Amino acid sequence: MLNATVAQLARALGRREISSVELARLFLARTQALNAGLNAFITIDPDRALADARAADARIASGERGPLLGIPLAHKDIFCTRGMLTSCGSRMLSNFVSPYDAGVVERMARAGTVLLGKTNMDEFAMGSSNESSWYGPARNPWDLARVPGGSSGGSAAAVAARMVPAATGTDTGGSIRQPAALTGVCGLKPTYGTVSRYGMIAYASSLDQGGPFGKSAEDLAILMNAMAGFDTRDSTSLERPDEDYARSLDVNLAGLRIGLPEEFFGEGIEPGVRRAVDEAVRWFEKAGAKTVRVRLPNARLAVPVYYVIAPAEASSNLSRYDGVRYGHRAAEYADLADMYRRSRAEGFGREVKRRILIGTYVLSHGYYDAYYLQAQKVRRLIAQDFAEAWRHCDLILGPTSPGTAFPLGANSDDPVKMYLNDIFTIPAPLAGLPGLSIPCGFDEAGLPVGLQLMGDHFSEALLLGAGHRYQQDTDWHLRMPRETPLDTGAGK
Amino acid sequence: MSLSHDDVARIARLARIDIPAAETGEVLQQLNRVLGLVDELRAVDTTGVEPMAHALDARGGMAQRLRPDEATEPDRREAYQAVAPEVADGLYLVPRVLE
């Protein structure tokens, strides 16, 4: 059961082979046993999990069936969850018990999922290693001395270690896809506007997008069917008919045009990553897909564009943390302005402060045109590169990350070195495009490699279909991390 | 373009974040590292390129919605004030700003 997919668990629940309460107890025991080593969860809530599971069992007993009814789930601690600590990985919100539910939390609850708890993350989703969390870093189940990636590192580690069959995350510059790649699980960053941002704590609002983690592309499709949809409370939520994200799982790969951007196959990619991705390219060619060379000439500017736009938006979004209505307030202060300055200095960590200061600078008088406006213009050039590429191909393939999981502390002293981890994941969100990461092999050290598939707006079903076909013929996504064998937490 | 100690003090003041004197050197160095990264943008020719403010504005026709200006949320003042650092009589308390 621990290694089963969501699709398999739903079948077992539907046939009454196991109850949701039994499933919740199984995953809770494992989560509690493994969390001391992995630190993947900030909050584990057995009472909530068992209450949700009992409610799901009652719905099943009354004859109701659903693809997520009774399935254990964890939310990234960025999603406001009523009555539960919602810290966003920050000291600033370490006392914040949310009075309301995020749109995603509501939707997943309606689908009948069982909430086990909230997962660890880089503070305010700013980071690529989970090391900026106020709650300490989550660790990679493939090697506990290495990072799980970030910012949704806790969700990725939890799914990889089989603490939960599925989890939610958010992606601004790669925060779903990069940790999925580094932990050997699947993660989807949907088209901007398809998953509600209501109650999802804001980092960079023109980029932030929620999405699922799971063990297979099929599971991501099932999760997306519940997660995505119009929400009047999010002004950027797109009003479109609901779609079935599983409709293309049997897509015919013959004749599918797969673009290989030369910018994603150049220097700076670790040999183990290159080898695994090249192998996946050959698999798609053998399956009948046609590979075509495409160019994204402005993609090299994506990281600099991102580190203007995202901090600018963050400096504005995070100005709400003033120690007045919620969050941390300093114990001592001279006056109101001093209270703001001290509360924010104490409540935010180093990386968050750094991005707020950068954002404040690039928006300040005299620098706005040179930095912020110029970055928005180059952002359009990047989006235009993709639009041109879609004339020649149906999807774009490349590595998710230039390297595999790195040791804790390896990039801590140099923010720019850390930022360059996201060189292949930042372009898609700048253009609002969906991106999928699925496991495609291992490097010489036995660490998982992620394959990224990107498509035009609203092409999620095609990306998931291509991923599903690949996973029917390969078993990289079913491999278990060596540090968390299946018997841990059993027999309790 | 490189920042000075005075710049850091000015930015920190605008951002309402205290930076202890002992930390300004390190903050300055790291901010300059990041600005060195983004300075590459200044050399790009963007003549005639419209700024892109929104992830989907490249697609056109996807303007943000407006809704009627009507109250839609229920009054949950007590629940919201329960998470505030200091409240009294339904009001949020802050240090005195008028003498």
Projected onto their principal axes, the Cα atoms of segment A:140-273 stretch, largest extent first, over whole-Å spans of 45, 39, 28
From the backbone phi of segment A:377-389, what are the Karplus-calculated ³J(HN,Hα) couplings (6.51 cos²θ - 1.76 cosθ + 1.60, θ = phi - 60°) in whole Hz, Gly and Pro given as x?
6, 5, 4, 5, 4, 5, 4, 5, 4, 5, 4, 5, 4
How do the peptides A:180-192, A:51-63 rank, highest first, by the average count of neighbouring beta carbon atoms within 10 Å per residue?
A:180-192, A:51-63
With R₀ set to 41 angstrom, the calculated FRET efficiency between the beta-carbons of A:Ala337 and B:Ala82, to the nearest 0.05, is 0.95
In nm, to one decimal, how far is the modelled label at A:Leu486 from the one at A:Ala445, with both set 7 Å along Cα→Cβ?
2.8 nm
From the backbone phi of segment A:455-462, what are the Karplus-calculated ³J(HN,Hα) couplings (6.51 cos²θ - 1.76 cosθ + 1.60, θ = phi - 60°) in whole Hz, Gly and Pro given as x?
x, 5, 3, 6, 9, 3, 4, 5
About the Cα centre of chain A, how large is the charge dipole given +1 on each Lys and Arg Cβ and -1 on each Asp and Glu Cβ? Please answer in debye to the nearest 20.
380 debye
HN-Hα J in Hz across segment A:145-151 - Karplus 6.51, -1.76, 1.60, θ = phi - 60°, x for Gly and Pro:
8, 10, 7, x, x, x, 7
State, to one decimal in nm, how far the label point of A:Asp475 lies from the label point of B:Glu40, with both points 7 Å from Cα in the Cβ direction.
4.2 nm
Would you mind putting A:327-340, A:65-78 in packing order, based on average other-beta-carbon counts within 10 Å, highest first?
A:65-78, A:327-340
Under a 5 Å amide H to amide H cut-off, with H placed in plane at 1.01 Å, what residues pair with A:Arg146 once short-range neighbours are removed?
A:Asn140, A:Leu408
What residues have an amide H closer than 5 Å to that of A:Lys290, excluding those fewer than 5 places away on the same chain, when H is modeled at 1.01 Å from N in the peptide plane?
A:Gly255, A:Leu256, A:Arg257, A:Ile258
Once amide H atoms are built 1.01 Å from N in the peptide plane, which residues 5 or more positions from A:Phe41, or in another chain, come under 5 Å H to H?
A:Asn120
Partner chain Cβ atoms within 10 Å, averaged over the residues of A:341-352 - can you pull that number for me?
3
Take the Cβ-Cβ distance between B:Glu50 and A:Gln8 as r, set R0 to 41 Å, and report the resulting FRET efficiency rounded to the nearest 0.05.
0.25
Per-pair calculated FRET efficiency, R0 = 30 Å: B:His5 and B:Val97 via Cβ, rounded to 0.05:
0.50
Length-normalised contact order for chain A - Cα pairs under 8 Å, 6+ apart - percent
19 percent
Expressed in angstrom and rounded, the centroid-to-centroid distance over alpha carbons for segment A:78-146 and segment B:31-99 is 21 Å
Against the empirical 2.2 N^0.38 Å scaling, what ratio does the C-alpha Rg of the protein assembly as shown come to?
0.93
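Laboratory data are not the source of any read-out in this text; all were calculated from the coordinates shown. On a predicted model such as this, the values are computed, not experimentally measured, just so you know. Glycine also receives a Cβ, built like all others from the backbone with ideal geometry; neighbour counts cover every protein chain displayed.
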